[in-house]
Amino acid sequence: MGALSTLRASLTVALLLLCAGAGAAWAAPTSAEVEAVFLFNFSQFVDWPAQSFAAASSPIVLCVLGNDPFGPALDQVVRGEQVNGRPLEVRRFRRVEDVTDCHILFVSRSERGQLEPILKALQGRSVLTVSDIEDFARAGGVICFVQMDNKIRLRVNLEAAKAAGLTLSSKLLRPAQIVASGEG
C-alpha cells in the first residue's frame, strides 16, 4: 500500500470511529473533526529531535492554543493511541506563554491577531505549528489547513519546519503544497 493510501486509510478509520461514537445516526464529519484526525496523523509523519522529549516514554503532546474548535473530537481520536511507543496527550492553552512540552500546536482562528508574537515566542522550539488561519504557513507556521473543493488540503512551509528542527516525512509532503515564508 502506498504512503498516500496509508494516510487515507488511517484518516478513514479515524473518521469512522468518530462517526460511530456519535450514536446510531450518522453525520458527515465536520472540518474540525477531520482536522483533529490530521493532527493525530501528523504525529506519525514527523520526527522531533531526541531532546524534545524528557524520556523515551514521554508522550507526544498535541496542544490547542486559543478557542478550541475540536471539542471532544481531538481527545477521542488520540485516546489509547501510541506512536513509536509514545502515548499521545492533549492539552489546551489560552496564552502562548503557558505552552510547555508541546510537540504539535494547533493555533486557533481566535489567535489570528496574535499570530506574529505567537510564532516569535515559539522560535527555537521543536514545535510543529498547525492552523487553519489563512496564509498561516506563509506567515511562518509549518502547516496550514486549506479548504479547497470541499476537501482539506495542506500547505507546508519547509523552512519553518527546518527552523524548528523537525523532519517531515515524504508521506506527509507528497499531497501537500509547499510554500515559503512571505510568499505572495
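Some points to look at:
- Over the range 124-179, equivalent-ellipsoid semi-axes from the Cα gyration tensor in Å: 19, 13, 8
- Local electrostatic count, T100, Cβ distance below 14 Å [Lys/Arg +1, Asp/Glu -1]: +1
- By the rule of a C-alpha distance below 20 Å, with chain neighbours fewer than 8 residues away ignored, the aspartates and glutamates paired with K120 are E97, D98, D101, E111, D132, E134, D135, E159, E183.
- Antiparallel beta bridges, as assigned by DSSP with both residues in the range 129-175, represent about 75 percent of the total such bridges.
- Long-range Cα-Cα pairs in the range 3-179 (distance over 29 Å), rounded percent: 13 percent
- Computed over Cα pairs, the Kirkwood radius of the range 91-184 leads via Stokes-Einstein (0.890 mPa s, 25 °C) to a diffusion coefficient of 183 µm² per second.
Every number here is computed from the coordinates shown, using simple stated rules; none is lab data. Small disclaimer: the values here were computed from a predicted structure and weren't measured. Cβ coordinates were reconstructed from backbone atoms using ideal geometry, including for glycine residues, and neighbour counts include every protein chain displayed.
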